[in-house]
Amino acid sequence: MQALILFFVELCALRRTPQDLPASEILLGVVAVASLFVGVMIGLVADLSIGASLGQTLFELAITLGALFVALRIMRLDARFIQSGTALLGSGIVIGAIALIPLSFNPTGSQETDLAALGALLLLVVFVWSVVVTGHILRHTFQISLGQGAAIAVAFKVGVVLLMGIAFGGA
């Protein structure tokens with residue numbers, strides 16, 4: 001387990017690639033459950049109810065894995081799905097766990113404080129890091145440049161936010 005955590009930390013530091021992971025459906029399932037847990041924790045720290053947090057996390061997981069599956073199918077790279085999906089979710093766990101810290105500063109709350117402003121700034125840094133890591137994974141998955149991968153990551157993240165707003169009424 002420790003080696004797996006270290007792998008995802010190294011992936012987030014751009015030192016590893018999705019191809020370095022075993023193509024294991026069991027590992028993808030375990031990482032998906034861990035991703036679900038971290039996503040719910042993020043929602044709870046951001047003052048969502050457990051139901052809303054669970055629903056939004058499941059929705060995001062489904063969109064992420066679904067979009068990856070469709071894109072890989074279109075590009076005839078189906079064999080890369082398990083490793084790429086595991087890499088995306090695993091890196092999301094690491095980045096999400098780190099995002100819990102600035103979220104706990106209440107940057108989305110109603111009171112403007114210096115601590116909330118610091119939390120918002122740190123969340124921006126985490127977001128940019130997330131885009132770079134996702135771009136890195138997409139670069140290796142689709143054999144594109146890091147810039148192209150990062151652009152796809154930004155477009156995807158914006159799309160997920162918009163879809164989530166539609167599906168959950170901005171909750």
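The values are calculated or read from the model by the stated rules, or taken from the named source; none is laboratory data. This structure is a prediction, so every number in the text was calculated from the model and none was measured. Note: ideal-geometry Cβ built from the backbone for every residue, glycine included; neighbour counts use all protein chains shown. The accessibility values were calculated without ligands, DNA or RNA, using every heavy atom of the protein model including side chains. Shrake-Rupley method; radii C 1.70, N 1.55, O 1.52, S 1.80 Å.
Computed quantities for the displayed model
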item: Top-ranked residue in the range 64-105 [being in contact with a Phe, Trp or Tyr (Cβ under 8 Å, 6 or more places away or on another chain) and open to solvent by 70 Å² or more (accessible area, probe 1.4 Å); ranked as farthest from PHE127 (Cα to Cα)]; result: MET75
item: Residue list for the range 120-155, filter: in contact (Cβ under 8 Å) with a residue 40 or more places away in the chain and open to solvent by 70 Å² or more (accessible area, probe 1.4 Å); result: TRP129
item: The one condition in (1) open to solvent by 50 Å² or more (accessible area, probe 1.4 Å); (2) under 18 Å from LEU163 (Cβ atoms); (3) more than 13 Å from the chain's Cα centre (by Cα) that LEU58 fails to fulfil; result: (3)
item: Total residues in the range 28-72, condition touching a residue at least 60 places away in the same chain (Cβ under 8 Å) and among the hydroxyl-bearing types (Ser, Thr, Tyr); result: 2
